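To start, the structure under review is shown below, and the notes come after it.
The values are calculated or read from the model by the stated rules, or taken from the named source; none is laboratory data. Bear in mind the structure is a predicted one, so any value in this text is a computation, not a measurement. A quick note on method: Cβ atoms are made from the backbone with ideal geometry, for glycine too, and the neighbour counts reach across all protein chains shown.
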Amino acid sequence: MKIALLELRRRPGRFLMAAVIMTLIAILLMFLGGLLDGLIKSSTGAIRAQDGQALVYSQTSEASLLRSRIEPALRAAVEDVDGVERAGGLGVVQLGARVPGKGPRDLAGVALFGFEIPPKGVPDVPPRGTAYADETLKSDGVEQDMTLLLGPARSPIQIVGFVSDTSFSGQGSLWASPETWRQVLGANRPDARLAENVFQALVVQGDEDVASRIDPATDGRTDSYTIEGAVNAIPGVESQRNTFNQILGVTIAIALVVIALFFALITVERTALYGVLKALGGRSRTIFAGLVTQAVVVTLIAAAIAGSAVLVLDAVIPAGSIPLDISLGRIAISVVLLLAAAVVGCGFSLRRVLRVDPASAIGRGS
C-alpha cells in the first residue's frame, strides 16, 4: 500500500487521464442527481408544506387535486372521524400570469392555491385579492406589492410577501384565501367552477394514524394519504424518479467500466513488477489492496473537484431558471456510489494479480 501511495505521489501523470474522466463522470452524476432533486422539489413543494397529518381527496381523483371534489357532506364525514382535530379546505388553479413590465405573451406559470390551514412558512390567510408568492417567481420579475394579472380574465392578485419551497408541478405558487381562489377559478375556468364550500382536497390535522382511518369511515368515498404518501402519489413524480435513477445507474456503470479498464491496463503494465514483489514475499492481497487504494484516492480527488464545480454551478445559476437543487447529501451519496464503483472496477484486475507467477513475470520483464 505504501508503494501504491508513493507511486501516486511521484508519478501523478500516470493517473491523470483516469482522474479527468472520473471528474467529468462525477460532475455528470452530481448534476443529474441535483436535477432530479430539483424536479421533485419543484413538483411537490406545495404538498410537502401542508401542515397536517393527512391529505384527503375524493375517491376517483387518483391523487390529483384538479380531479378531486370534496362536498360539504363528505367534509363533515371526514371531520367526524376519530382522531381528526381539524380539517381545512385546499384548492388550486394553474394559470399564466402577466407580470408588469413584461410583454403580453411573456407569461409566468403560477399555481394559485386557496387554503384554510396555512401551510408551513405561510404566515396566515391573506386578505381577499392578495397572495403570498413562492420565491421562485422572483426569477420571473415578481416583486412584493406587485399586482399580477392571472389567466385570460386577467384577475388581479397583489403580492404581499414571499415564501419558500412551495412550488407545484414545476410552477411557482401563490397562496390566497379560499374566496380569492374561488373567484379566480370561476373567472378563468368556468367549466371547473366550484360551488360555495366545495374544495378539491382537505388537509387534516390529528394523530399520526388518522389517514388510515378516514377511508373506512367514509365508506370509501375518499382517497386519503399521509403527507409523505401524497407527495409520492402525485402523478408523474414516481416516473420522474425512476427515469432519473436509471440514468444515474448507467452513469455509475460507466464509472465502473472506466476504472476497470484503466486498472486492468495498469496491471498488465506492472506484471513484471508484481512478479518481483511476489518473489520478495509480497502477497496478492497486498498488491490488490494497493490497486484499490490508488483507485479510491483518484476517485476522491475527482469527487472533490466535481463537488466544488457543481456547488459553483448551483451558486451562479439564477434561482428558478432551472430546477436544480445541489445538496451536500446528494454529493455525499454520489461520492459513495463512485467509491463503490471504483472498488468493484478494481475487482476485475484481481484475477490477473492472483495469476502472476514470479518466475515467468520476471523472465518476461527481463
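Among (1) modelled with pLDDT of 90 or more; (2) crowded, with 17+ Cβ neighbours inside 10 Å; (3) part of a helix (DSSP H, G or I), where does residue 229 come up short?
Condition not satisfied by residue 229: (2).
Looking for whichever is in the same structural domain as residue 121 (by TED's automatic domain parsing), within 22 Å of residue 170 (Cβ to Cβ), among the aliphatic types (A, V, I, L, M) and in contact (Cβ under 8 Å) with a residue 60 or more places away in the chain here; the options are 63, 49. Which one fits?
On the way: 49 fails: in the same structural domain as residue 121 (by TED's automatic domain parsing).
After ruling out the rest, the residue left standing is 63.
Identify, from the list 77, 87, the residue that is over 28 Å from residue 139 (Cβ atoms) and in a helix (DSSP H, G or I). I'd like the intermediate steps shown before the answer.
Details: 87 fails: in a helix (DSSP H, G or I).
Within the list 77, 87, the selection yields 77.
So, in segment 304-336, how many residues would count as being of a type outside the set (S, T, N, Q) and under 20 Å from residue 25 (Cβ atoms)?
Going residue by residue through segment 304-336, those that are of a type outside the set (S, T, N, Q) are 304-307, 309-320, 322-326, 328-333, 335-336.
Add one more test, that the residue is under 20 Å from residue 25 (Cβ atoms), and what stays is 304-307, 309-314, 324, 326, 328-333, 335-336.
Selection size over segment 304-336: 20.
Which condition number in (1) under 12 Å from residue 54 (Cα atoms); (2) part of a helix (DSSP H, G or I) is the one that residue 223 fails?
Just one mismatch for residue 223, condition (2).
Please find, among 58, 42, the residue that is among the small types (Gly, Ala, Ser) and touching a Gly at 6+ places or on another chain (Cβ under 6 Å). First the steps, then the outcome.
Details: 58 fails: touching a Gly at 6+ places or on another chain (Cβ under 6 Å).
Going through 58, 42 in turn, the sole match is 42.
Looking at segment 190-209 only, could you name the residues that are surrounded by fewer than 24 Cβ atoms within 10 Å (Cβ to Cβ) and in contact with a strand residue (DSSP E or B) (Cβ under 6 Å, 6 or more places away or on another chain)? Even if it seems obvious, please write down each step before you answer.
Initially, segment 190-209 is screened for residues surrounded by fewer than 24 Cβ atoms within 10 Å (Cβ to Cβ), giving 190-198, 205-209.
Once the filter is applied, which keeps residues that are surrounded by fewer than 24 Cβ atoms within 10 Å (Cβ to Cβ) and in contact with a strand residue (DSSP E or B) (Cβ under 6 Å, 6 or more places away or on another chain), segment 190-209 yields 205, 206.
Which of the residues that make up segment 89-104 are more than 28 Å from the chain's Cα centre (by Cα) and either within 21 Å of residue 51 (Cα to Cα) or among the small types (Gly, Ala, Ser) (or both)? Quick ask: steps written out before the conclusion?
Step one: filter segment 89-104 for residues more than 28 Å from the chain's Cα centre (by Cα), giving 98-104.
Matches in segment 89-104: 101, 103.
Here is a check on your reading of the model: is residue 36 closer than 23 Å to residue 237 by Cβ, in the same structural domain as residue 182 (by TED's automatic domain parsing) and under 22 Å from the mean Cα position of the chain (by Cα)?
No; evaluated as a whole, the condition is false for this residue.
Identify all residues within segment 19-42 that are closer than 16 Å to residue 326 by Cα and among the hydroxyl-bearing types (Ser, Thr, Tyr); write none if there are none.
42, the sole residue that qualifies.
Scan segment 329-366 residue by residue and report those that are polar (S, T, N, Q), at pLDDT below 85 and in a helix (DSSP H, G or I). Working first, answer last.
The first filter runs over segment 329-366 and keeps only residues polar (S, T, N, Q), leaving 334, 349, 360, 366.
Remaining after also requiring at pLDDT below 85: 349, 360, 366.
Within segment 329-366, just 360 meets the criteria.
Farther than 30 Å from residue 341 by Cβ, at pLDDT 95 or above and within 31 Å of the chain's Cα centre (by Cα): which single residue out of 66, 74, 107, 112 fits that description?
Values: 66 fails: at pLDDT 95 or above; 74 fails: within 31 Å of the chain's Cα centre (by Cα); 107 fails: at pLDDT 95 or above.
Of 66, 74, 107, 112, the one residue that is farther than 30 Å from residue 341 by Cβ, at pLDDT 95 or above and within 31 Å of the chain's Cα centre (by Cα) is 112.
Criterion first (under 25 Å from residue 232 (Cα atoms), within 25 Å of the chain's Cα centre (by Cα) and either outside the structural domain of residue 346 (by TED's automatic domain parsing) or buried (at least 17 other Cβ atoms within 10 Å of the Cβ) (or both)) does residue 23 satisfy it? Steps first, please.
Values: under 25 Å from residue 232 (Cα atoms): no; within 25 Å of the chain's Cα centre (by Cα): yes; either outside the structural domain of residue 346 (by TED's automatic domain parsing) or buried (at least 17 other Cβ atoms within 10 Å of the Cβ) (or both): yes.
No; evaluated as a whole, the condition is false for this residue.
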